[in-house]
Amino acid sequence: MRFDNFEFEASFGFSAQLKNSDMPEIAFAGRSNVGKSSLLNKLLNRKSLARVSSVPGKTVTVNFYKGDGVRLVDLPGYGYAKVGKDEKKRWAVLMEHYFASDRDIRLVVQLVDMRRPPTKDDLDMIRYLRYNNFKFIVVMTKSDKLNKTDYSRRAESAKEELRGLGAAAVIPFSAISGDGADEIRSEIEDAVK
């Protein structure tokens with residue numbers, strides 16, 4: 001698969017706008033500010049295809065990137081407290097509709113900040129994926145922000161925190177160095193085959 005061949009296709013803010021799925025999709029989910037856009041840019045070898053912001057809650061739409069017979073789908077971040085109730089409700093409806101509609105979702109890449117244990121929202125999302133039989137991997141972002149000792153400690157703790165939750169793989173990732181990117185690409189390619 002040519003990861004550098006992907007292009008932005010469309011962005012939708014309301015569930016009624018979502019088009020029917022006509023090819024395999026790889027969805028990217030996680031808390032606001034966990035690094036979904038940075039991960040996408042690194043996987044696609046692009047600097048700014050997916051918009052990166054230092055302000056949480058900037059991805060408020062479902063963003064589609066198309067390439068090589070597959071779509072990568074950047075979902076709105078969850079768990080951001082400084083958003084009004086109506087906006088949170090719109091996000092929830094959009095996310096639920098995305099997952100409940102008849103789409104060819106081959107893999108969900110669930111992002112969790114490696115620096116701390118998964119939040120309640122992270123665990124709820126993982127349980128949702130497992131309960132609904134979605135194949136998913138957990139990508140532990142921001143691994144470069146930990147020193148070697150903390151990295152090793154968090155990697156071991158994560159195994160225990162995520163044990164029995166059904167992840168096909170748990171992959172530490174750095175958007176700075178690219179560590180973990182090849183493993184994630186490999187998981188995506190396997191899911192699309």
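The values are calculated or read from the model by the stated rules, or taken from the named source; none is laboratory data. Since we're looking at a predicted model, the values are computed, not measured. When we count neighbours, we look across all protein chains shown, and the Cβ atoms used for this are built from the backbone with ideal geometry, even at glycine. SASA here: full protein model, heavy atoms, side chains in, ligands and nucleic acids out. Shrake-Rupley method; radii C 1.70, N 1.55, O 1.52, S 1.80 Å.
Within segment 121-136, can one find any residue that is polar (S, T, N, Q), open to solvent by 60 Å² or more (accessible area, probe 1.4 Å) and at pLDDT below 85?
Checked segment 121-136: no residue is polar (S, T, N, Q), open to solvent by 60 Å² or more (accessible area, probe 1.4 Å) and at pLDDT below 85.
For residues in segment 92-110 being out of contact with any helix residue (DSSP H, G or I) (no Cβ under 9 Å at 6 or more places or on another chain) and assigned to a loop (DSSP other than H, G, I, E, B), which is least open to solvent (accessible area, probe 1.4 Å)?
Out of the qualifying residues, it is 103.
How many residues are farther than 17 Å from residue 119 by Cα, free of Cβ contacts under 8 Å to residues at least 60 places away in the same chain and part of a helix (DSSP H, G or I) when one looks only at segment 157-193?
The total comes to 4.
Inside segment 137-147, can you point out the residues that are surrounded by 20 or more Cβ atoms within 10 Å (Cβ to Cβ) and either on the phi > 0 side of the Ramachandran plot or out of contact with any helix residue (DSSP H, G or I) (no Cβ under 7 Å at 6 or more places or on another chain) (or both)?
Listed by number, the list holds a single entry, 142.
Can you go through 150, 113 and tell me which one is modelled with pLDDT of 95 or more, open to solvent by less than 70 Å² (accessible area, probe 1.4 Å) and farther than 15 Å from residue 28 by Cα?
Step by step, each of 150, 113 is checked, and only 150 is modelled with pLDDT of 95 or more, open to solvent by less than 70 Å² (accessible area, probe 1.4 Å) and farther than 15 Å from residue 28 by Cα.
For segment 161-177, how many residues are open to solvent by 50 Å² or more (accessible area, probe 1.4 Å) and of a type in the set (A, V, I, L, M)?
The number of residues fulfilling the criteria is 3.
Take the residues in segment 63-80 that are within 18 Å of residue 36 (Cβ to Cβ) and outside any strand (DSSP E or B), then tell me which one is modelled with the highest pLDDT.
Among residues in segment 63-80 that are within 18 Å of residue 36 (Cβ to Cβ) and outside any strand (DSSP E or B), the one modelled with the highest pLDDT is 75.
Would you be able to say whether some residue in segment 43-55 is within 21 Å of residue 177 (Cα to Cα), of a type in the set (A, V, I, L, M), at pLDDT 80 or above and buried (at least 16 other Cβ atoms within 10 Å of the Cβ)?
Yes, because at least one residue in segment 43-55 is within 21 Å of residue 177 (Cα to Cα), of a type in the set (A, V, I, L, M), at pLDDT 80 or above and buried (at least 16 other Cβ atoms within 10 Å of the Cβ).
Taking segment 1-33 as the search range and keeping residues that are closer than 23 Å to residue 189 by Cβ and of a type in the set (A, V, I, L, M), which one is most open to solvent (accessible area, probe 1.4 Å)?
Only one residue fits best here, namely 1.
Take segment 1-42 and flag every residue that is of a type in the set (Val, Ile, Thr) and outside any loop (DSSP other than H, G, I, E, B).
26
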